[in-house]
Each structure stands twice: as C-alpha cells, then as structure tokens.
Amino acid sequence: MGGDELRATLARNIKLYRGLRDWSQADLSEKAGLSVVYLSDIERGNKWPYLDTLVKLAEAFEVEAFELLQPKNSQPPDETAAILVKYSEETLAILTASLETMKKHTFNSLISLRAQYLPKKPKKLAAYPSMRLENSMLAELREGYK
C-alpha cells in the first residue's frame, strides 16, 4: 500500500469512526485536543498527522492506533451491527405500536360511522355484507348492541 492510499484509508477510517459515534468534526477535535482545521485537513487527506496526533485520535475513538490505518472491509464492525440491530428492534416496536394505534382509531371511526348510519338495533349484523370486519371487531360490535 502506497502513501497516498494509506492516507486515504486513514481519512476514510476517521470519518467512519466519527460517523459511528455521530460526532461532528468539532466533537472529535475537542475529544482529541486538535483544531477543527487540522482535523479537517487529515480527513480530506491533505495532511499526515504526527504520530502523537494519531494516538490522540485512536484514544478518542477508543481503538488502537493501527486500526485507523487498516483498510476496512465492507462488513460493519461488530459494534455497528449491534447498533443496527438495536435500532431495527426499536423501529419495529415503534411501527407495531403505530399500527395498533391506527387499528384502534379505525375501529373507533367504524363505531362512529355505525352510530351515524346504522339503525340503533339492527336485527342482524350479517344484514350488512359490505362491512368486512375482523372477527374480534365484529364480536365487539355485537357486544355493543347488548
């Protein structure tokens, strides 16, 4: 690996680690004790960091200095995979809750429509074949008429 390629790898890895932590350049520069301008130059591959600067960056990221110089494969690091799984589970829970809320609102809307457009006590709910409801909703409607 040549010098330019190594510098590009370092720049990519700094951006990667910074992105994984959702840090701005200002956040990283504060944690590593560097100026934002100098950090920006390193991230763009315009400057090589001194060895002590490389160590400061590694300490800020809580990794070994050599890891900043190693090319990363396309697989995310283990911690990234864990974060993705966590957010996937949280997203799934949010979507499930949202669907349940929508279901309740839809049911309440049906009840409201029923009160407006159906007779107070129909002889049979089956007399309204256009109303296709889940069995549980149909049971709740029947209970409401008793």
* Under 1.5 on a/c is rounded, so check that first for the range 3-68, then, if it is not, pick prolate when a/b is larger than b/c and oblate when it is not; a ≥ b ≥ c are the square roots of the alpha carbon gyration tensor eigenvalues. => rounded
* Place the peptides 52-58, 15-21 in order of packing, highest mean first, counting for every residue the other Cβ atoms within 10 Å and averaging per peptide. => 52-58, 15-21
* Structure fact -> Expected sort for 61-67, 39-45 on mean C-beta neighbours within 10 Å, highest first, is 39-45, 61-67
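The numbers here are math on the coordinates, done by the rules we state, and not lab data. Since this is a predicted model, take the numbers as computed values, not measurements. Using ideal geometry, Cβ is built from the backbone for each residue, glycine included, and neighbour counts are taken over all protein chains shown.
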